[in-house]
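Participant: Structure incoming, see below.
The values are calculated or read from the model by the stated rules, or taken from the named source; none is laboratory data. Quantities reported herein were computed from a predicted structural model and do not represent experimental measurements. No Cβ is skipped: glycine too gets one built from the backbone with ideal geometry, and neighbour counts run over all protein chains shown. Side chains included, ligands, DNA and RNA excluded: accessible areas come from the protein's heavy atoms. Shrake-Rupley method; radii C 1.70, N 1.55, O 1.52, S 1.80 Å.
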Amino acid sequence: MLMFGSLRASGHRKCSCLLVARRSSSTSSSSTHNPPSVSLDFHRDASLAILTLCNAQRRNALTYSMMHQLDAHVNTLHEWSRDISQNNARVLILTGSGGSFCAGLDIKQDDDKDVLQDGREMTQHMSRVTNCIQALPVLSVAAIDGNAIGGGAELSTCTDLVVLSRQSTIKFVHASRGASPGWGGGRRLQKRVGRRKALRMLLLGESVFGEEEAEQLDYADYVAEEGESSLDAAMRLVGDPILNLPCSQSVRAIKRVVSVADGDEDVIDTASGRLRYVATDATDDDSMTKEYNNTTVKSEIDAFLQVWGGESNRELIEQTRESLKDKKT
């Protein structure tokens, strides 16, 4: 049984961005020898937070341990952004280490746990975590190098802005895996790109490419210059301008106004940052109905559970696992 609780995250990150104060550490998160982790670092007098996915050997695919750490860090971010004594919080950057953003769920985890058996808890957990990121009162940015695939593509939808490197790719591969979005990405993708494009991306494999976005912005908000990382570009184009504004209160006030106008309060209380639904360990349908009182959120979770672990999904997951084994040997 997958037990989703709070864990203390470990690991430190040396930021590659020259515009951000470097954190002294003898350990680099890009090292392939470190265990999978999620790191959270604060910079510029705690006005800027950088949340980094670190599982470079598997293109930052999320293990269960990383999901625990991500949850703990998001709780820390809510405390940071709403602490009255810490009124300088302004920007969160979500990124990945080692030249990749996130390859979704790590289907071949080191403990060989059957990821197909824990669909209900996983989708409840990650839906809550991604909605909590969306609910932060600061400006959030996804800085994407390399690939954002499957669940990684879903993560790219939970921030306010998206910055791509020239070599980045965003692709929703759920349909080709016999699955559907389960981390809130389907609902947010439709809001970002509209109904028809969302269907093309989810069902027909239409992808987002950094080079194409550089010519005409569509999914992304900014694209890095040639040879520039997405993190450096995010700092140059978003971080520094926001940090140079006269006060953080206006950042949070404007974020709330836009969130309410966009209908986010159907899912989250933008005043408190709390979700209007709460994840539960209960597995009976009545409890799910009572806890997930938002129809859109609940329908996405229900759709995921209808296909996750089904015959087609299981067969395709096993094929992917065998392919990973062949590559390893």
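Participant: Val162's amide H: which non-local residues (gap 5+, or another chain) put their own amide H closer than 5 Å, with H modeled 1.01 Å from N in plane and none for Pro or chain starts?
Facilitator: Amide H neighbours of Val162: Ala142, Asp221, Tyr222.
Participant: Follow-up question, since we're still on this one. State the percentage of accessible surface on region 64-196 attributable to carbon and sulfur atoms; use a 1.4 Å probe and exclude ligands, DNA and RNA.
Facilitator: So the carbon and sulfur contribution to the accessible surface is 43 percent.
Participant: Still on this structure: Can you work out the Karplus-derived ³J(HN,Hα) for every residue in region 198-208? Use 6.51 cos²θ - 1.76 cosθ + 1.60 with θ = phi - 60°, whole Hz, and x for glycine or proline.
Facilitator: Using θ = phi - 60°, the values come out as 4, 5, 5, 6, 7, 9, 9, x, 4, 10, 10 Hz.
Participant: Starting from the amide H of Leu62, placed 1.01 Å from N in the peptide plane, find each other amide H under 5 Å away whose residue is 5 or more places distant or on another chain.
Facilitator: Ala103, Gly104, Leu105, Asp106
Participant: So, one more: Accessible area per residue of region 68-198 at 1.4 Å probe, in Å²?
Facilitator: Values: 3780 Å² over 131 residues.
Using a 1.4 Å probe on heavy atoms only, each residue of region 68-198 averages 29 Å².
Participant: From the phi of every residue in region 53-69, what ³J(HN,Hα) in whole Hz does the Karplus formula 6.51 cos²θ - 1.76 cosθ + 1.60 yield, where θ is phi - 60° and glycine or proline is x?
Facilitator: Those phi angles translate into 8, 10, 8, 4, 4, 10, 6, 6, 4, 8, 8, 4, 4, 5, 5, 4, 5 Hz.
Participant: Going by average Cβ density within 10 Å per residue, which order do the peptides 305-311, 92-98, 237-243, 119-125 take, highest to lowest?
Facilitator: Working: 305-311: 16.1, 92-98: 25.7, 237-243: 18.6, 119-125: 21.3.
Peptide ranking by packing, descending: 92-98, 119-125, 237-243, 305-311.
Participant: Taking 0.36 nm per residue of sequence separation and subtracting the Cα-Cα distance, how much length would be gained by fully extending the chain between Glu318 and Leu203, in nm to one decimal? Could the numbers behind the result be given before it?
Facilitator: Numbers: separation 115, 0.36 × 115 = 41.40 nm, distance 2.10 nm.
Between Glu318 and Leu203, full extension yields an extra 39.3 nm.
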